[in-house]
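Let me begin by presenting the structure, written as C-alpha cells, before commenting on it.
The values are calculated or read from the model by the stated rules, or taken from the named source; none is laboratory data. On a predicted model such as this, the values are computed, not experimentally measured, just so you know. In this analysis, Cβ positions are derived from the backbone assuming ideal geometry, glycine residues included, and neighbour counts consider all displayed protein chains.
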Amino acid sequence: MLRYLIILFVSLSLGACVDRTVSEIVPSALNVGTPETIFASTTRAREADGNYGFRRGETLKFLETTVSIPPTHTPGTLKFSYANPNPKKEFVLADVTELDGPQGLREHLHGQDDVTIFVHGYNSTQTETLFRAAQLTHDIGLPGSTLVYSWPSRATGYGYAYDLDSMLFARDGLEQTIRELKSMGVKRVILVAHSMGGALSMEMMRQAELQEPGWANRNIEGVVLISPDLDVDLFRSQMERIKNPPEPFVVMVSQKDKILNISSRLRGTAEGERLGNISSIDTLEEFPINVIDTTAFSSDAGSSHFVAATSPALLAILSSVRRVSNTFGPDERPGIDVLVPPSQRNPDGATEIILTETGEAQVSTP
C-alpha cells in the first residue's frame, strides 16, 4: 500500500519546490496571444496577496478572467510557467477581476443562452484550472461561455484527503452557481467535470434531488464526466437517487488510466477499477448514460488521466464531429456530441461507444 501512495504522490505532484499558488498577471500578453474569457465561481478563500489558494472560503465569489493562448499552441498541449511566463510560447493569465457577486456575473452574461461549467479534479490550483478550461474551450469549442467552478484543492500530491473533504464542502457552491445561472436567464447549462470533480458533480446533483426531485434534469442540459475518480457502487447509488438524469449524460473512460488504477488500489479494490476506467458497462446497464471508451488514444495523450484534453488525435475528432444535440431542440445550438445518433443508442439504458484510432465509433450495449 505504501508503494501505491508513493507512486500517487510522485505522479500528481507538479514540483515541490514551486509555489503553484502564485499567479502572475501579465496584461501585455494580449498583445501576443489569443484572448479567451473564462468566468469563475469559487469557494476558495482570497489570500492577502490577492491569490485564491487552498483555504475554504465562507462565501461564493465570482470572477472574470482573461487567458492569453500562445500563437504556438497546438491542440492537446498546455504549456505555462509559474514565474516569468513567456506569452509567445505559454498560456498566460492576462487579467483577473472579482465581480460584484451574482449581479456582477449577470451583467457580463446578459443575453447568454449557453454556459459550460468546468469542474476540476484533485491537486489543482485555480490558475491551472483556468488554463485547462481555456485550452478545452479553444481546442474543442465548448458551447457558449465557459465558467470554471474552482473548489479549494490543496494542490499538492499529499493533499488527497484534504481534497476529498473540500470536494464535499464544495457541493453547495456548485449547486448555488447553477441556480444563479438559471435565475439570470441562462437557458442551457452544460456540466463538464474531470476526475474528483466528477464525484463532486454527482454529489451535488444527488443532494439537490433530495430537496427537489427532478432538479438536475430541469436545470442541467448535459453532463460530461471525464475520467471520474468515483467508486462504481457509489455512482450507482447516486444515479438511483437522481432517477431522471440530464440528457445527454456522458462518461468518458480509459482502461489505461494509471492514476485511477492507483486510486482504486488505495481503496482496496482488487479489480483496480473506478468509474473512469471501467472495462465493462454491465453493472450500469439500467442507467440512461453514454459511456465513451477512449482507451485507443491513451498512447497519443499527454496524460492517461485526461485523454480527452491531452490527445491531439482525439481532440481533432471531437472538434470536427461535434454535432447539434437534440437536447437543445429547435434552437439548433451546439451541444454535447455523443458521436453516434440516437437511433444507435440503447433507448432503455446504457450505451457503450468505443472509439477507434481511426475515429470510428463502435456501439455496444449490454
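For the reader, a short list of remarks on this structure follows.
- Condition check for A83: of a type in the set (A, V, I, L, M, F, W, C) and either touching a strand residue (DSSP E or B) at 6+ places or on another chain (Cβ under 6 Å) or under 24 Å from E58 (Cβ atoms) (or both): no
- Counted residues, the stretch 179-204 - those being in a helix (DSSP H, G or I) and within 15 Å of the chain's Cα centre (by Cα): 9
- Restricting attention to the stretch 145-171, the residues that are touching a residue at least 60 places away in the same chain (Cβ under 8 Å) and of a type outside the set (S, T, Y) add up to 10.
- Some residue of the stretch 146-162 being modelled with pLDDT of 95 or more and under 20 Å from S319 (Cα atoms): yes
- Residue that is surrounded by the fewest Cβ atoms within 10 Å (Cβ to Cβ), among those in the stretch 99-154 that are among the hydroxyl-bearing types (S, T, Y) and under 12 Å from the mean Cα position of the chain (by Cα): T137
- Restricting attention to the stretch 260-276 and to residues that are under 16 Å from the mean Cα position of the chain (by Cα) and closer than 21 Å to G302 by Cβ, the residue that is modelled with the lowest pLDDT turns out to be L260.
- In the stretch 87-108, the residues that are farther than 30 Å from P75 by Cα form Cβ pairs under 9 Å with partners that are β-branched (V, I, T) and part of a strand (DSSP E or B), at six or more places apart or across chains, as follows: G101/T59; G104/T97.
- Unique match (being modelled with pLDDT of 95 or more and buried (at least 24 other Cβ atoms within 10 Å of the Cβ)) among S237, S195: S195
- Residues that are over 17 Å from R218 (Cα atoms) and part of a helix (DSSP H, G or I), drawn from the stretch 241-266: K258, I259, L260, N261, I262, S263, S264, R265, L266
- Filtered residues of the stretch 38-76 (kept if exposed (fewer than 15 other Cβ atoms within 10 Å of the Cβ) and among the hydroxyl-bearing types (S, T, Y)): T59, T72, T74
- Across the stretch 352-366, the qualifying residues are those that are among the β-branched types (V, I, T) and within 22 Å of L315 (Cβ to Cβ), and the one among them that is surrounded by the most Cβ atoms within 10 Å (Cβ to Cβ) is I353.
- Scope the stretch 201-221; condition charged (D, E, K, R) and surrounded by fewer than 22 Cβ atoms within 10 Å (Cβ to Cβ); matching residues: E203, R206, E209, E212, R218
- If you go through the stretch 71-100 and keep only what is within 24 Å of V192 (Cβ to Cβ), of a type in the set (G, A, S) and outside any strand (DSSP E or B), you end up with just G76.
- For the stretch 273-283, the criterion of being in contact (Cβ under 8 Å) with a residue 60 or more places away in the chain and part of a strand (DSSP E or B) is satisfied by no residue at all.
- The residues on offer are S319, S304, S299, and the sole one that is buried (at least 18 other Cβ atoms within 10 Å of the Cβ), hydroxyl-bearing (S, T, Y) and farther than 12 Å from V251 by Cα is S304.
- Every condition in (1) in contact with a Gly (Cβ under 8 Å, 6 or more places away or on another chain); (2) buried (at least 24 other Cβ atoms within 10 Å of the Cβ); (3) over 18 Å from L60 (Cβ atoms); (4) not hydroxyl-bearing (S, T, Y) is met by V224 except one, and the failing one is (1).
- Single match in Q176, Q112 (criterion: in contact (Cβ under 8 Å) with a residue 60 or more places away in the chain, outside any helix (DSSP H, G or I) and of a type outside the set (D, E)): Q112
- Members of the stretch 109-165 that are among the charged types (D, E, K, R) and in contact with a Ser or Thr (Cβ under 6 Å, 6 or more places away or on another chain): D163
- Candidate set from the stretch 236-259 (those that are under 17 Å from A199 (Cβ atoms) and among the acidic types (D, E)); member that is farthest from the chain's Cα centre (by Cα): E240
- Residues that are farther than 20 Å from S41 by Cβ, of a type outside the set (D, E, K, R) and surrounded by fewer than 19 Cβ atoms within 10 Å (Cβ to Cβ) do not occur anywhere in the stretch 165-187.
- Scope the stretch 337-366; condition within 22 Å of D300 (Cβ to Cβ) and either modelled with pLDDT under 55 or part of a loop (DSSP other than H, G, I, E, B) (or both); matching residues: D337, V338, L339, V340, T356, E357, T358, G359, E360
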